[in-house]
Each structure stands twice: as C-alpha cells, then as structure tokens.
Amino acid sequence: MSTHTAKLSILISGGGSNLAAIISAIAANTLNANIERVIADRDCSGKQHAFNAAIPFTLIERHLSQARFALALEKSLNPDTDLIVLAGFLSIIPATIIDKYPKKIINLHPSLLPKYGGMGMYGMKVHQAVLAAGDSVSGCSVHYVDNGVDTGEVINQARVPVLANDSPQTLQQRIQAQEHPLLVNTIAKLI
Ligand code: GRF
C-alpha cells in the first residue's frame with residue numbers, strides 16, 4: 001500500500017451502503033485514504049454514515065439551476081482531491097467539473113456496462129431490464145465519468161449469475177454485495 005494517504009470525495013444520493021464500505025475499509029487500514037467530504041444531492045439516509053464517522057458533509061440540492069449546482073459542487077470539492085467517487089449518486093456531473101478532474105471521477109453502476117447504462121437506467125430499472133431480457137449473468141461496473149451517461153471507460157467489473165427465481169430485488173441484493181468489494185478494490189488500485 002502506498003504511503004500517501006489519498007484524498008477522497010464521495011458523492012451519494014441514497015442509503016450509502018457503498019460509502020459505509022469505504023469508511024470500513026479505511027478504518028480497517030485496507031485502504032490508505034481519507035474521505036475529505038461526503039456530498040449528497042438530496043436529503044438521504046446515507047448522510048448518517050458521514051455523521052457517524054465525523055466526515056464533513058454538504059447537501060447540494062439537485063433542484064438548483066445547473067449553473068448553481070455546478071458552482072456549489074466546485075466549491076465543495078478540494079482542487080487537490082485524488083479521487084471523486086460517485087457511490088450511488090444520481091445527478092449528472094456538470095461538464096466544468098469533468099473537465100477539471102480528468103480521470104479522477106469514477107462511478108459505480110449496477111450492470112455489466114455497456115449493457116443497461118444510459119439516461120434513466122438506474123436502480124431497480126436496471127435489474128428489471130436484465131430479467132426482462134432473460135440474461136443469465138449481470139453484475140456491476142466501476143468506470144471513469146466522461147461527458148456521457150455511463151459511457152466512460154470501464155475500469156473493473158464483477159459478474160453475478162442471474163438465478164431462475166430472481167426478482168429485481170433479489171438480483172439487486174446479490175449485486176450490491178459485490179459492489180462493495182468491487183468499489184473498495186478499485187479505489188485501492190487507482191490511488
Ligand atoms: C448502488 O446499487 C449503485 O450501483 C447505484 O446506486 C446504488 C447505491 O447504493 N449506482 P448505496 O447508496 O451505496 O447503498
């Protein structure tokens with residue numbers, strides 16, 4: 001593990017189980033990093049993980065105008081940050097931020113990209129689409145964020161078999177269990 005403690009910013013919109021996995025890995029010394037700030041685009045239960053770990057937290061309402069949202073996000077991010085991690089973050093990252101942090105923004109997506117990515121493909125919708133297509137395997141991906149939606153270069157993936165009796169919920173649960181190590185390991189690899 002490198003001696004440099006990497007500076008992370010984590011962006012969330014939901015329950016924050018992936019944020020919790022990152023916090024645990026840091027606490028267990030398997031990830032040499034410090035979360036400088038957790039940013040949410042809505043009031044979400046995931047913020048509690050930041051509060052419990054005494055990590056600075058910022059809420060930037062997604063309903064702000066694009067320009068205000070971009071400005072608030074820019075102000076909340078340390079220019080020296082090593083990695084910006086979208087861990088279940090549902091808002092689109094403004095182009096100004098993407099240009100400012102080349103190859104420093106990664107996103108977690110609950111499918112084997114390029115399958116089931118793009119505008120409107122998030123959460124349960126992904127798993128419903130996988131089941132409707134009759135796929136025998138799904139999974140999750142970590143990719144760099146570019147100016148498209150879920151189109152950036154894939155860095156790492158984990159495959160999860162689809163079972164005959166899967167519902168979108170059971171498939172989501174098994175994929176989420178794989179997301180946590182996938183995201184933590186990918187961050188460790190990149191920093
Ligand atoms: C994950 O399933 C992730 O793939 C998707 O949003 C969900 C976030 O879960 N992008 P959590 O908030 O980390 O629990």
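The values are calculated or read from the model by the stated rules, or taken from the named source; none is laboratory data. Treat the numbers as computed from the prediction; the structure is a model and nothing was measured. Neighbour counts are summed over all protein chains in view; Cβ atoms, including those assigned to glycine, are modelled from backbone coordinates with ideal geometry. We work out accessible area using only protein heavy atoms, side chains counted, and drop any ligands, DNA or RNA first. Shrake-Rupley method; radii C 1.70, N 1.55, O 1.52, S 1.80 Å.
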> Can you name the condition, by its number, that T30 falls short on among (1) in contact (Cβ under 8 Å) with a residue 24 or more places away in the chain; (2) open to solvent by 30 Å² or more (accessible area, probe 1.4 Å); (3) within 16 Å of the ligand (Cβ to nearest atom)?
Replying inline: (3)
> In segment 148-191, which residues are in contact with a helix residue (DSSP H, G or I) (Cβ under 6 Å, 6 or more places away or on another chain) and closer than 20 Å to I93 by Cα?
Replying inline: I155, L183
> Only one of (1) within 13 Å of the ligand (Cβ to nearest atom); (2) surrounded by fewer than 19 Cβ atoms within 10 Å (Cβ to Cβ) fails for G46. Which number is that?
Replying inline: (2)
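Looking at I55, I39 in this structure, which one is within 16 Å of the ligand (Cβ to nearest atom), assigned to a loop (DSSP other than H, G, I, E, B), among the β-branched types (V, I, T) and open to solvent by less than 80 Å² (accessible area, probe 1.4 Å)?
Values: I39 fails: assigned to a loop (DSSP other than H, G, I, E, B).
Every option except I55 fails the conditions.
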> Do you know which residues across segment 1-27 are assigned to a strand (DSSP E or B) and either more than 10 Å from the ligand (Cβ to nearest atom) or surrounded by fewer than 15 Cβ atoms within 10 Å (Cβ to Cβ) (or both)?
Replying inline: A6, K7, L8, S9, L11
> Do you know which of the residues in segment 95-112 that are in a loop (DSSP other than H, G, I, E, B) and either open to solvent by 20 Å² or more (accessible area, probe 1.4 Å) or within 11 Å of the ligand (Cβ to nearest atom) (or both) is farthest from C140 (Cα to Cα)?
Replying inline: P102
> What's the number of the condition R68 fails, among (1) open to solvent by less than 40 Å² (accessible area, probe 1.4 Å); (2) more than 15 Å from the ligand (Cβ to nearest atom)?
Replying inline: (1)
